[in-house]
Structure formats: structure tokens, C-alpha cells
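The values are calculated or read from the model by the stated rules, or taken from the named source; none is laboratory data. Keep in mind that this is a model prediction, so the values were computed, not measured. All Cβ positions, glycine included, derive from the backbone under ideal geometry; neighbour counts span all protein chains shown.
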């Protein structure tokens with residue numbers, strides 16, 4: 001089984017140390033998210049997220065990862081499979097708690113039954129354990145594929161910006177920041193009206209609901225706008241190269257932490273808690289970003 005042998009080799013390969021660490025980091029989150037449902041079902045959310053990070057890390061051409069992360073002649077088309085391999089490594093390592101739960105469950109069944117059922121249980125164990133590991137490996141691979149796709153889009157944007165850097169050397173090189181500025185005004189206005197004024201009926205209530213409905217997709221758009229503006233500034237070179245992973249990663253991390261905390265706290269709507277954490281964190285990130293942009297770029 002070459003895929004199995006390759007995966008086992010990747011687990012001990014020095015190049016995939018980061019993927020192994022990401023898989024280990026996902027374990028406590030998987031335990032927390034699966035605590036109520038295990039061993040009948042397991043959450044792969046943490047492994048998908050860790051696989052996404054692995055895809056970003058191993059496919060990013062700007063990372064110090066030349067032996068495994070270069071585009072190898074295919075800048076926007078077929079990219080090297082190493083990022084997906086890293087995602088599989090993340091999934092296999094992150095499957096440890098699920099494999100443990102499944103093994104204990106099967107052994108408990110073997111202990112409580114007798115006769116032919118015991119023999120059937122002995123046959124099931126070698127099937128269930130690899131199945132769980134493969135499920136997590138595929139989940140990690142899916143996350144890595146998404147990360148790889150994102151890096152391809154980023155590479156395209158960076159090259160497009162670099163190609164027009166000379167012609168746009170003067171003036172405002174990117175207009176994406178205007179959406180970020182609009183978001184800074186829009187968020188407190190909507191949240192203040194919806195939860196401060198709290199309209200209970202009529203046109204005010206309809207307006208409040210519509211504004212909240214628009215706020216979530218608009219925040220996603222603004223996150224992309226902030227990302228593109230930061231990429232543009234980094235490629236053009238205006239005395240400041242913003243870390244776009246930090247400005248966008250913090251809101252995403254806030255969503256993940258809030259979702260996990262709400263899940264552990266048995267909230268009825270952990271996704272909603274995560275969304276509000278994302279909105280607030282993105283607003284703070286936007287304020288910091290525009291402040292730095294004004295000081296380091298607009299003043300140059």
C-alpha cells in the first residue's frame with residue numbers, strides 16, 4: 001500500500017515537522033468539540049482548520065520552505081502535492097483521540113458480549129480504527145487543499161500588483177482600504193442600533209434585521225478587502241509591508257476560540273457567538289490596520 005507507506009514516512013520526515021505540530025495542536029480542540037458526541041461521532045473541525053494552516057504554510061512561496069513549497073513551474077495551475085500531503089499528516093496525527101475513543105468502544109463491546117459476537121468484534125476493530133484515521137486524514141487533506149487554493153489566489157494578486165507597481169508608484173495604489181474604513185463606521189452603527197435602540201416593531205425592526213443580515217457577508221468582503229490592500233502595499237513597497245496573515249488571522253482565530261468556548265459552555269448557538277467575536281475582532285483589526293496605514297503609507 002504505497003499511500004500508507006508514504007504517509008508513515010511523512011510522519012517522520014523532517015520537512016513535515018510543522019504539519020505534525022499542527023496535528024498535535026488540533027487534538028485538544030477535537031477532544032473538546034467531540035466530548036459530548038464521542039464515541040458515536042467525532043468533530044473534524046479542528047483538523048480541517050489545522051489542515052488549512054498546513055496548506056497555507058507548505059504552499060506559500062514566500063515561506064522559508066523552498067524544498068517542499070515552491071510552485072515548481074506551475075504558478076497558478078497544478079501545484080505540487082506536498083501541501084495536501086502535509087494536510088494528511090495533520091489529519092493522521094490529529095486522529096489520535098478519535099482512534100483512542102473508537103478502540104475503547106470496540107473493546108468495551110467485546111468485553112460485554114460473548115460467543116460469535118466476540119469474534120465479530122475482533123474483526124471490526126481492525127476495520128474501525130483505520131476508517132477513523134482515514135476520515136481524519138481526508139479532512140486534513142481537504143483543509144490543506146483549501147489553503148493551497150488560497151495561496152494560489154494570493155500569488156496571482158501579488159504578481160498582478162507587482163506588474164503594475166511602476167506605473168502606480170505615485171498616488172493611492174489601492175482603493176480597497178475605503179471598504180475597511182466603511183466597515184469601521186458600519187459595525188458600531190448597526191450593532192448600536194440593533195442592541196442599543198432595540199426596535200421592537202415596525203420599520204425600525206425590519207431595518208435592524210436587514211442590517212444584521214447584511215453585516216455578516218459584508219464583514220467577509222471587508223476581510224478580503226483588507227487582505228488585498230495589505231498585499232498591494234507589501235508588493236508596491238511604500239515603507240511598510242503589513243503582515244496580512246495577522247490582520248485577517250486574528251478575527252478568524254477569535255471566531256475559533258469563541259466557537260470552542262461556546263461549545264464547551266453548551267451554548268445553544270456557538271456559531272452565533274463565533275460570528276460576533278469575528279465581527280468585533282475584525283473591527284479592531286481594521287482600526288489598527290488603517291491607523292498604521294495612515295502613519296506609514298499616507299505620510300510617506
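On the stretch given as region 186-200, residues that are at pLDDT 85 or above and loosely packed, with under 14 Cβ neighbours inside 10 Å total 2. Summed over region 68-104, the residues that are part of a helix (DSSP H, G or I), at pLDDT 70 or above and surrounded by 15 or more Cβ atoms within 10 Å (Cβ to Cβ) give a count of 21. Report the residue count in region 284-300 for those that are in a helix (DSSP H, G or I) and more than 15 Å from residue 249 (Cβ to Cβ). Residues that pass the stated criteria total 10.
If you go through region 251-283 and keep only what is within 17 Å of residue 29 (Cα to Cα) and not in a helix (DSSP H, G or I), you end up with 265, 266, 267. Within region 210-244, if we keep just the residues that are at pLDDT below 75 and part of a helix (DSSP H, G or I), the residue that is farthest from residue 155 (Cα to Cα) turns out to be 236. Looking at the structure I just gave you, is residue 128 buried (at least 16 other Cβ atoms within 10 Å of the Cβ), in contact with a helix residue (DSSP H, G or I) (Cβ under 8 Å, 6 or more places away or on another chain), at pLDDT 85 or above and in a helix (DSSP H, G or I)? So residue 128 does not fit the description; no.
Here is a yes/no grid of residues against (1) closer than 24 Å to residue 57 by Cβ; (2) touching a helix residue (DSSP H, G or I) at 6+ places or on another chain (Cβ under 7 Å):
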{"site": "230", "(1), (2)": "yes, yes"}
{"site": "242", "(1), (2)": "yes, yes"}
{"site": "251", "(1), (2)": "yes, yes"}
{"site": "255", "(1), (2)": "yes, yes"}
{"site": "259", "(1), (2)": "yes, yes"}
{"site": "267", "(1), (2)": "no, yes"}
{"site": "276", "(1), (2)": "no, no"}
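Within region 5-28, identify whether any single residue is assigned by TED's automatic domain parsing to the domain that holds residue 131, at pLDDT below 65 and more than 26 Å from residue 159 (Cα to Cα), and answer yes or no. Scanning region 5-28 turns up at least one residue that is assigned by TED's automatic domain parsing to the domain that holds residue 131, at pLDDT below 65 and more than 26 Å from residue 159 (Cα to Cα).
Of all residues in region 37-57, those satisfying the criterion of being modelled with pLDDT under 85 and either within 16 Å of residue 143 (Cα to Cα) or exposed (fewer than 12 other Cβ atoms within 10 Å of the Cβ) (or both) are 37, 40, 41, 56, 57.
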